[in-house]
Amino acid sequence: MYNNSRGRPGVVLAAVAVAQFAVALDLSVVNVALPAMREALGFAPLDLSWVVHVYALTLGGFLLLGGRACDLFGRRRLFMLGLMVFGLCSLAGGLAQAPWHLIAARAGQGVGAAAATPATLALLTTTFAEGPQRVRALGVWSGVNAAGGALGVLAGGLLTEYAGWRWVMLINLPIVAAALTLTLAGVPADARSARREKLDVLGAVLATGGVGLLVFGVVRSDTYGWGWTTWAMLVVAGMLLTGFVLVESKTSVPLLRLGLLRSRWVAGANVLVFFSTAGQFAAFYFVSLYMQQVLGMGAAATGAAFLPFSASLVLGTLVATRVTSARTPRTALVPGALLAAAGLVWFSFISSDGGFVTDVLGPCLVTGIGVGLVIAPIVAAATTGVALHEAGMASGLVNSSRQLGGCIGLAALATVAAHHAGRTTNPAELNGGYAMGLAIAAALFVIAAVVAVVVLPRRRAEAAAPQSAAPAESRLEGTPS
């Protein structure tokens, strides 16, 4: 069943999937193009990494704000606004003539993505009723999200090698145009609210500042290390986030209603997505470096080598969607996390004199299926029992957990691997560092499995989230604006 007042469900799903593919693609598509960008624009060595980091910084920092804003001001409106900002900044990045032009464009892309991403999940949640239809829709969203990130490396390599680095930015323009066209064709206008609630400005400042500073402190550690400056940033971030929790506990219109976290589905899914994404991002990073710096594979070949992972991930997503439709997200999450952990343990036996077929292909297939079994049900779990008027809030929360898990996990495990390998370019020593990082990534998936067993309910009947006093449909019915 779906909500007939929400437009054409198939078109809504297509628009959301296309948009989320672009957002996920940009998390990895520029990585392979970094050397070409440095040569063309004259980046200083320490500045080049900010082409990647500033996107993660603005995306992570503004997700909670974007999620709540789409509840207050309209999901379709925020979705289209985010896409337009994302597209215009992609164009600006493709036309960049100086380092700061490209960094500013990437920051703008992150802001646009932070508006569009929570709106994608909120649109699905309010279009498809809770149950099998919503599970299938969220499975498509999760599969596209993962495939976009995985295919970004391949697309970045091919575009950089055969079309030029600017096309890793310009490729977003036709994707955004397609998403906007689908939105105009099938996503209904936002309902006019009977009363306008004010945005929690203080909460927004504290949340954006706290999460942004947390991401900034973590991602800069790969260049500047874990000295006192980095730790000072993390302490200040903790203080800001503590202040955010205090403000949210007292305000009548919170950016994040803390009562939402009393739901075992919502709380458990957010903890689970943090650990699983930390393991996933780190594994993706180490395997990519292993193929390039140990096996000596080129950028395009490395990107192509991720195709089996993408295919197995899609297979895992399809299986998880079918299982979750019939039962509960927990049913797929536990075996999926354990299977991903097993694949990463297998990965940790990589050798410096190995090869793609002997050291990468097998564990890649196992890990991909496991990750697919995990990522599809997580979003369904994180939105189970959530009132429709808080769909954006829940969406912003789970996406923030995903982004924080990826940033913190990658930075922490990259530091451990680098410390183990030392300052060297010797393939054997690099191999040891990557193997340790992959083993720790496996442990993170085991923790995710434990969270799923201990925290998530066994039955959907236990999923009802505590509701706020505001009427659930107060923002969903009325005359379209």
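The numbers here are math on the coordinates, done by the rules we state, and not lab data. Only a predicted model underlies this, so the values are computations on that prediction, with no experimental measurement involved. We place every Cβ from the backbone using ideal geometry, glycine too, and count neighbours over all the protein chains shown.
Tabulated values for the structure
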read-out	value
Ascending count of other beta-carbon atoms within 10 Å, so fewest first, for Asp353, Asp47, Asp200, Asp26	Asp353, Asp47, Asp200, Asp26
Residue order, fewest to most beta carbons within 10 Å, for Leu184, Leu158	Leu184, Leu158
Total charge dipole magnitude, region 152-243, about the Cα centre, Cβ charges on Lys, Arg, Asp, Glu only, Debye to nearest 20	300 debye
Packing-based exposure ordering (other Cβ within 10 Å, fewest first) of Ile171, Ile350, Ile378	Ile171, Ile350, Ile378
Point-to-point label distance, Arg322-Asn426, nm (Cα→Cβ direction, 7 Å offset)	5.0 nm
Global form of region 260-461, assessed from the alpha-carbon gyration tensor, a/c cut-off 1.5	prolate
For peptides 409-417, 107-115, 232-240, 392-400, sequence by mean Cβ density within 10 Å, most packed first	392-400, 107-115, 409-417, 232-240
Tensor-based shape of region 153-291 (alpha-carbon gyration tensor, a/c under 1.5 rounded, otherwise prolate or oblate)	oblate
With at most 13 other Cβ atoms within 10 Å, longest stretch of the chain clear of loop GluC sites (Glu not before Pro) (DSSP)	1-472
Relative contact order for the chain, counting Cα pairs under 8 Å that sit 6 or more residues apart, in percent	24 percent
Theoretical gain in end-to-end length, Gln292 to Phe349 [0.36 nm per residue, Cα-Cα removed]	18.8 nm
Orientation-averaged projected area, Cα convex hull of region 1-188 (nm²)	9.9 nm²
Given charges at beta-carbon only (K, R positive; D, E negative), |dipole| of the chain in Debye	1380 debye
FRET efficiency, Leu184 to Trp228 (Cβ-Cβ, R0 56 Å, nearest 0.05)	0.60
Stretch gain in nm, segment Val357-Met239, where the contour uses 0.36 nm per residue and the Cα spacing is subtracted	37.6 nm
Normalised contact order of region 200-254, rounded percent, pairs of Cα under 8 Å and 6 or more residues apart	51 percent
Listed values (i) 1.01; (ii) 1.14; (iii) 0.92, entry calculated as Cα Rg over 2.2 N^0.38 Å	(iii)
Pairwise label distance in nanometres, Leu173 with Arg459, each label 7 Å out on the Cα-Cβ vector	5.6 nm
